[in-house]
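FYI, it's all coordinate maths here, none of it is from the lab. Please read all numbers here as calculations on a predicted model, not as lab measurements. Cβ placement follows ideal geometry from the backbone for every residue including glycine, while neighbour counts extend to all protein chains displayed.
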Amino acid sequence: MNVWLVTASVLLVAGFVPVVWGVATGPLGRGVAAQNLGTSVVCLAILLLSQGYDRPSYVDVALVVAVLGPVGTLVYARLLADELQDDPPHTRLFTVSVVCVTVPVVVALCLAGGPGRAAAKLVLVGVLLVVGNVIASRALTGGFSRSEVTR
Amino acid sequence: MTDVLVLISLLLVAGSATAVVAVRDPARQALVLAVLGLTLTVLFTVLQAPDVALSQLAVGSALTPLLILLSVRKVRRPGRCEGGDR
Amino acid sequence: MTGKRTATLIAELLVWWFSLSVLWLVLISTVDALEVLAGAVCALLAAVLAVAARRAVTGR
Amino acid sequence: MSRRLRLWILTVGGLGFALLFTAACLRLPDFGGNSHPYGDRAVGAALAHHTANVVSAVNFDQRAFDTLGEETILFAAVLGTVVLLRQTPDERQVRPTPAQISVPIRRYALTMLPVTLLVGLYVVVHGQLSPGGGFQGGVVAATALHLLYIGADYRALERIRPVGLYEVGDAVGEGVYLVLGIAGLLGGSAFLANTLIPYGTFNTLASGGFVPLLNAAVGMEVACAVVVLLAGFLDQAVEIEKEAGT
């Protein structure tokens, strides 16, 4: 059990237990925001696991999380727009914490791996994750102002 | 020591799976199901099965929620003759 | 006028194709001729769809 | 059957299951043990055919016939859904009013569409080398297309998604898998036998013989099948409603 795996465990416990709690209880808007946070936590955890197990190919899993996770949140934001409009969730705290955790994790992983295309791939995953999280948060707080209403 | 990670992910899976069953509203169930999918992805990765993790991720993160929410929308929005526009 | 629009479309397509090919080079682990060829084909497919999607949204 | 009797049957069945399950669990090998008789043989067979991803070797080489079955299940399931969700005479099509979507989200969707598609194709093409394969990559690629519904509206998606073409692609993917199997039968030893083309250099794109080709066939089938499936759901949810007065 090396330092990467310990960090991944801490991240999962500290980050994902609140996500499960938030998604199962409370208003719907908070649930979608918690799901958005959960995607980022899982992506970072898998990046750390990939380094901890010394399996570079696991980065592909994190890449798919970073690409599809925000898409999933946008699906909820789009199709539950009516429900979310009444009670938009507070997402700023989540977004700020995701950025504050993603940057050091990605930088540490890049330093551990050394420069090269592998580091570029890690940076790509980090950028996709942060941009996706910010956009998805924005979508939850009124990005879809009106859902399709059939005439 | 790596068993600690297996234990954490198993507990997370158990917790979110229980939540899926306990929640009653279909839209929220889709949400909890997506989170269950995320915990399963972690579990499969920890158990060194990235292929299964990718399958779970591909299906569970965007496709299943989209299918469920579209069905919910169709069921909740009856024809014009019955309930009118929502 | 149509000539100008076609030129814009082709330029847009080429920009997408180039950036997506670079993205492919970031994703792969070892570079060889077949990888680059596969990347070029996949990136071209994605670039065509990118332009088609942009046109479908803006209607031009 | 009375409620009491049903409860009794449930109790007996539950107790029996619990006993057998406990007995079976006690005889299981320890978690994380060192004895993997099937794993060792599967890894050996995968390396013999120069396939770096053993799971892909199992799916598309050693157990390729099982994968044909799975692919056919998806094919048949989508076919059934299309029939079930078709527009019946008492339903009519309405035009949905376009949704208002803020500009950053639309830009994000339009940028991520090709990126997601490329990631999906990457996963399909590298199925024999890294985690993933036809199914996973196909689903990611199909999801990419639907970013256009999320980030714009359904009419924009319909403009770049001729469903007929994807139905043909679905069938072609399924057919190519079968044709490759028959090629193995005619040119090699058995149906889907991986003996026809050279195995190539280990850990390069052209390794694994039939594995990358079967991967690509499955990827095409899955991507097209998911698009057709979602088209049925989207049509019903967004465009079709029951005729008034029925």
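Can you sort A:Thr141, D:Thr97, A:Thr102, A:Thr91 by how many other beta carbons sit within 10 Å, fewest first?
Working: A:Thr141 16, D:Thr97 13, A:Thr102 21, A:Thr91 24.
Least to most surrounded, the residues fall as D:Thr97, A:Thr141, A:Thr102, A:Thr91.
Please label the shape of the protein assembly as shown as rounded, prolate or oblate, based on the square roots a ≥ b ≥ c of the eigenvalues of the alpha-carbon gyration tensor (a/c under 1.5 means rounded; beyond that, a/b larger than b/c means prolate, else oblate). List each step's numbers first, then the result.
Details: a/c = 1.24, a/b = 1.09, b/c = 1.14.
Rounded is the answer for the protein assembly as shown, as its axis ratio a/c remains below 1.5.
So what is the relative contact order of chain D, in percent, for Cα pairs below 8 Å that sit 6 or more residues apart? Please list the in-between numbers first.
Details: 317 pairs, mean separation 67.0, N = 246.
Over chain D, the number comes to 27 percent.
If one puts a single equal scatterer on every Cα of the stretch C:2-58 and applies the Debye formula without solvent, what log₁₀ I(q)/I(0) results at q = 0.24, 0.25, 0.28 Å⁻¹?
Listed by q, the Debye log ratios stand at -0.89, -0.94, -1.07.
Arrange D:Cys25, D:Cys224 by Cβ neighbour counts within 10 Å, fewest through most, would you? Kindly include the intermediate steps, with their values, before the conclusion.
Numbers: D:Cys25 8, D:Cys224 26.
Fewest to most other Cβ atoms nearby, the residues stand as D:Cys25, D:Cys224.
Give the order of D:His49, D:His146, A:His90 when sorted by the count of other beta carbons within 10 angstrom, beginning with the fewest. Display every interim value, and only then the final one.
Details: D:His49 20, D:His146 24, A:His90 12.
With the fewest neighbours first, D:His49, D:His146, A:His90 line up as A:His90, D:His49, D:His146.
Taking the Cα centroid of the stretch A:56-105 and of the stretch A:109-138, what is the distance between the two, rounded to the nearest whole Å?
Answer, in whole Å: 14.
Can you compute the charge dipole magnitude of chain B about its Cα centre, using +1 on each Lys and Arg Cβ and -1 on each Asp and Glu Cβ, nothing else charged? Give it in debye, rounded to the nearest 20. Write out the running numbers ahead of the final one.
Details: 8 positive and 5 negative charges, 121 e Å.
Using Cβ point charges on Lys, Arg, Asp and Glu, chain B gives about 580 debye.
What does the helix-only formula give at 222 nm for chain A: each DSSP H stretch with n ≥ 4 adding -39500 (n - 2.57), the total divided by the residues, and the result rounded to the nearest 500 deg cm²/dmol? Provide the component values of the computation, followed by the final result.
Values: 6 runs with 120 residues, N = 151.
Calculated mean residue ellipticity at 222 nm is -27500 deg cm²/dmol.
Would you mind listing how long chain D runs along its three principal axes, going by Cα atoms, in whole Å with the largest first?
65, 64, 41
In degrees from 0 to 90, rounded to the nearest 10, what is the angle of the helix A:92-113 Cα long axis to the longest principal axis of chain A?
The angle comes out at about 20 degrees.
Okay, which of the stretch D:116-152 sit inside 15 Å, backbone N to the point 7 Å along the Cα-Cβ direction of D:Thr204?
D:129
Using only the alpha carbons of chain A, determine the length spanned along each of the three principal axes and report them from longest to shortest in whole angstroms.
Projected onto the principal axes, the Cα atoms of chain A cover 56, 29, 21 Å.
With N denoting the number of residues in the stretch D:1-85, provide Rg(C-alpha) divided by 2.2 N^0.38 Å, to two decimal places.
Details: Rg = 21.7 Å, N = 85, 2.2 N^0.38 = 11.9 Å.
Output field value: 1.83.
What's log10 of I(q)/I(0) for the stretch B:3-76 at q = 0.26 Å⁻¹, Debye sum over Cα points only, no solvent?
So the normalised log intensities are -1.12.
Out of the chymotrypsin sites (Phe, Trp or Tyr not before Pro) in the stretch D:137-246, which ones are loop residues according to DSSP with at most 16 other C-beta atoms within 10 Å?
Working: sites: D:Tyr149, D:Tyr154, D:Tyr166, D:Tyr177, D:Phe191, D:Tyr199, D:Phe202, D:Phe210, D:Phe233; in loops: D:Phe191, D:Tyr199, D:Phe202, D:Phe210.
Passing both the DSSP loop test and the Cβ count: D:Phe191, D:Phe202.
For the Cα atoms of chain C, what angle does the longest principal axis make with the long axis of helix C:2-27, in degrees from 0 to 90, nearest 10?
It works out to around 20 degrees.
How far is the Cα center of the stretch D:8-24 from the Cα center of the stretch B:8-43, in Å?
Taking the Cα centre of the stretch B:8-43 as reference, the centre of the stretch D:8-24 is 27 Å away.
Magnitude of the Cβ-charge dipole of the protein assembly as shown, K/R +1 and D/E -1, about the Cα centre, nearest 20 debye?
Numbers: 37 positive and 33 negative charges, 294 e Å.
Charge dipole, the protein assembly as shown, about its Cα centre: 1420 debye, nearest 20.
Which shape class, rounded, prolate or oblate, goes with the stretch A:56-143 when its Cα gyration tensor gives a ≥ b ≥ c as root eigenvalues, a/c under 1.5 marks rounded, and past that a/b bigger than b/c marks prolate?
Details: a/c = 4.02, a/b = 2.16, b/c = 1.86.
Prolate.
Find the centroid of the Cα atoms in the stretch D:47-96 and in the stretch A:1-37, then give the distance between the two in whole Å.
Distance between centres, Cα-based: 33 Å.
Can you show me the helix-derived [θ] at 222 nm for chain B, built from DSSP H runs with n ≥ 4 at -39,500 (n - 2.57) apiece and divided by the number of residues, rounded to the nearest 500.
-25000 deg cm²/dmol
Before anything else, pin down the relative contact order of chain A: Cα pairs under 8 Å, at least 6 apart, normalised by residue count, whole percent. Mind showing how you got there, number by number?
Working: 177 pairs, mean separation 43.9, N = 151.
Contact order relative to length: 29 percent.
Would you please classify the overall shape of the stretch D:48-129 from the alpha carbon gyration tensor, given that a ≥ b ≥ c denote the square roots of the eigenvalues, rounded means a/c under 1.5, and beyond that prolate means a/b larger than b/c while oblate covers the rest?
Numbers: a/c = 6.72, a/b = 1.43, b/c = 4.71.
In terms of gyration-tensor shape, oblate.
Nearest 10 degrees is fine. How inclined is helix C:33-58 to the longest principal axis of chain C, computing both from alpha carbons?
Relative to chain C, helix C:33-58 is tipped by roughly 30 degrees.
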